[in-house]
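Colleague: Questions regarding the structure given below will be posed in turn.
The values are calculated or read from the model by the stated rules, or taken from the named source; none is laboratory data. What you see is a predicted model; the values in this text were computed from it and never measured. Here the Cβ positions follow ideal geometry from the backbone for every residue, glycine too, while neighbour counts run over all protein chains shown.
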Amino acid sequence: MSKVRLGLIGCGGMAGAHQRRFGHLGERLQLTAAVDVVAERAAAVAALFPGARAATDYQQVVGEVDAVLVALPHHLHHAATRFFLDAGKHVLLEKPMANTEAECLDLIAAQQRAGTVLMVAYCMRYHPLVVRLRELLEARTHGDVFQLSIWTEQLTQYPADHWASSAATLGGGQLFSHGCHYIDLLLWFLGRPLQGTHFGTNLGTPWMEREGTSNVTVAFEDGRLGYHFGTWGARGTRLKYSFHAHCTDGMLEADISGGRLLLHSGRTQEKAGESLRLAPDGGQILMEAESGKHTENEMRHFLDCIDTGGRPLTDGWDSLQGLRVIWRLYEAERAGRIADLRGLDLAGGQTRDATI
């Protein structure tokens, strides 16, 4: 099987995270082009991969790639992705898909015309701890889930003139840029949303034009609740990146930063005399995983879809649903009301499975 010739479009802040996937999947792909408007950044990435070409204009490399990973500032996603789809190339597009619904719909239409793969890079869908947590919830191993809470606490500071400080180029605030990962996961875990609220502030993150700290609560069908707290202003943290899934027979904790999946339950204490692995800070260790984004799993799925013609787990329609939730939450926040989130799973005639 010939290797997929891949171009990296954008060699800035995310380039380091993406290099892991190239190293792990060298038998299936070859980086043939590294593109960035800053020539030195493109050259630095290209130098890591023998034979790769550095360029400052992505149109120059279209004949040298079968697929591209688009890792540009958000406001540039649409134009670059549309160019490569129209050229018949497969595209793995960094989240969020685009800054407006019209742009998202245009990319979905372009993909359908081209018949190639368009996949949005929601890497947390492919994290081993997240995958296992969802499997346990879907199987009701510890009863029915009634509350899923996600915390992402970090310090992310940009200069005032950086594209990520501006609401227009970022597409919103912290919720749109980073929280979109976790809105996507709440939908994937809990099914169809009914209503929700968002409160955001840039207090503590004055470099952000819109919110640098975000609180989201969503009510789902069958009484399930989802919550996400994200901040780019954490000067200290204990929760870091963690998921708490409260079920009727115990609480599952995915400690993403610590690389552990834990069960907290009265039964854990009762069975302490058995050969269980107990964490020093409490809970039974169900699984451990290397820390990091595990982007190689995401890339593997992208390559599988190219090989088989299968639909990506995070395709255009699926990704648009999560963004529609965010846009409705933003709209309701401005109006001072609860957001109506019903009907968002009907995009394009395709439905998101309610699996829990």
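Colleague: Is there a residue in the stretch 42-63 that is part of a helix (DSSP H, G or I), touching a residue at least 12 places away in the same chain (Cβ under 8 Å) and acidic (Asp, Glu)?
Modeller: Among the residues of the stretch 42-63, not one is part of a helix (DSSP H, G or I), touching a residue at least 12 places away in the same chain (Cβ under 8 Å) and acidic (Asp, Glu), which makes the answer no.
Colleague: While we're here: Being under 16 Å from the mean Cα position of the chain (by Cα) and either more than 21 Å from residue 175 (Cα to Cα) or not polar (S, T, N, Q) (or both): is that true of residue 244 here?
Modeller: Spelling it out, it is not the case that residue 244 is under 16 Å from the mean Cα position of the chain (by Cα) and either more than 21 Å from residue 175 (Cα to Cα) or not polar (S, T, N, Q) (or both).
Colleague: Could you please find all residues in the stretch 134-155 being of a type outside the set (Gly, Ala, Ser) and out of contact with any helix residue (DSSP H, G or I) (no Cβ under 8 Å at 6 or more places or on another chain)?
Modeller: 135, 136, 138, 140, 141, 144, 147, 151, 153, 154, 155
Colleague: Would you be able to tell me the number of residues in the stretch 74-90 that are over 20 Å from residue 305 (Cβ atoms) and surrounded by 15 or more Cβ atoms within 10 Å (Cβ to Cβ)?
Modeller: Counting residues in the stretch 74-90 that are over 20 Å from residue 305 (Cβ atoms) and surrounded by 15 or more Cβ atoms within 10 Å (Cβ to Cβ) gives 5.
Colleague: If the Cβ limit is 9 Å and pairs must be 6+ apart or interchain, which residue in the stretch 167-191 that is within 16 Å of residue 208 (Cβ to Cβ) and among the basic types (Lys, Arg) pairs with which residue that is surrounded by fewer than 24 Cβ atoms within 10 Å (Cβ to Cβ) and modelled with pLDDT of 95 or more?
Modeller: Listed pairs, sorted by first residue: none to list.
Colleague: Could you list, in sequence order, all residues of the stretch 128-137 that are under 17 Å from residue 318 (Cβ atoms) and either surrounded by fewer than 20 Cβ atoms within 10 Å (Cβ to Cβ) or not hydrophobic (A, V, I, L, M, F, W, C) (or both)?
Modeller: Within the stretch 128-137, 131, 134 meet the criteria.
Colleague: Still on this structure, please answer the following. Across the stretch 329-348, which residue is surrounded by the fewest Cβ atoms within 10 Å (Cβ to Cβ) among those that are under 18 Å from residue 191 (Cβ atoms) and either among the hydrophobic types (A, V, I, L, M, F, W, C) or without any contact (Cβ under 8 Å) to a residue 60 or more places away in the chain (or both)?
Modeller: Looking at residues that are under 18 Å from residue 191 (Cβ atoms) and either among the hydrophobic types (A, V, I, L, M, F, W, C) or without any contact (Cβ under 8 Å) to a residue 60 or more places away in the chain (or both), I get 343.
Colleague: All but one of (1) in the same structural domain as residue 181 (by TED's automatic domain parsing); (2) at pLDDT 95 or above; (3) among the β-branched types (Val, Ile, Thr); (4) farther than 23 Å from residue 178 by Cα hold for residue 256; which doesn't?
Modeller: Evaluating residue 256 over (1) in the same structural domain as residue 181 (by TED's automatic domain parsing); (2) at pLDDT 95 or above; (3) among the β-branched types (Val, Ile, Thr); (4) farther than 23 Å from residue 178 by Cα leaves (4) as the failure.
Colleague: Given the options 219, 279, 245, 289, name the one that is aliphatic (A, V, I, L, M) and buried (at least 21 other Cβ atoms within 10 Å of the Cβ).
Modeller: Matching residue, one of 219, 279, 245, 289: 245.
Colleague: Identify, please: which residue in the stretch 265-316 is part of a helix (DSSP H, G or I) and over 30 Å from residue 8 (Cβ atoms) and is, among those, modelled with the highest pLDDT?
Modeller: Let us first name the residues in the stretch 265-316 that are part of a helix (DSSP H, G or I), namely 266-270, 295-308, 316.
Next, from what is left, pick out any that are over 30 Å from residue 8 (Cβ atoms): 266-270.
Numbers: 266: 77, 267: 66, 268: 53, 269: 53, 270: 53.
Top of the filtered list is 266.
Colleague: From 71, 55, 98, which residue is farther than 15 Å from residue 12 by Cα and modelled with pLDDT of 95 or more?
Modeller: On the way: 71 fails: farther than 15 Å from residue 12 by Cα; 55 fails: farther than 15 Å from residue 12 by Cα.
Exactly one residue qualifies, and that residue is 98.
Residues checked against (1) over 17 Å from the mean Cα position of the chain (by Cα); (2) buried (at least 17 other Cβ atoms within 10 Å of the Cβ); (3) of a type outside the set (S, T, N, Q):
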site	(1), (2), (3)
69	no, yes, yes
72	no, yes, yes
99	no, yes, no
107	yes, yes, yes
113	yes, no, yes
125	no, yes, yes
139	yes, no, yes
153	no, yes, yes
170	no, yes, yes
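Colleague: So if I check each of 63, 115, which one is at positive phi, out of contact with any helix residue (DSSP H, G or I) (no Cβ under 6 Å at 6 or more places or on another chain) and not charged (D, E, K, R)?
Modeller: Sole residue among the options that is at positive phi, out of contact with any helix residue (DSSP H, G or I) (no Cβ under 6 Å at 6 or more places or on another chain) and not charged (D, E, K, R): 115.
Colleague: For the stretch 172-195, enumerate the residues that are in a loop (DSSP other than H, G, I, E, B) and surrounded by fewer than 23 Cβ atoms within 10 Å (Cβ to Cβ).
Modeller: Passing the criteria: 191, 192.
Yes or no, residue by residue, for (1) of a type in the set (Asp, Glu); (2) farther than 25 Å from residue 110 by Cβ; (3) in contact with a helix residue (DSSP H, G or I) (Cβ under 9 Å, 6 or more places away or on another chain):
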residue	(1), (2), (3)
24	no, yes, yes
27	yes, yes, no
31	no, no, yes
37	no, no, no
47	no, yes, no
51	no, yes, no
71	no, no, yes
80	no, no, yes
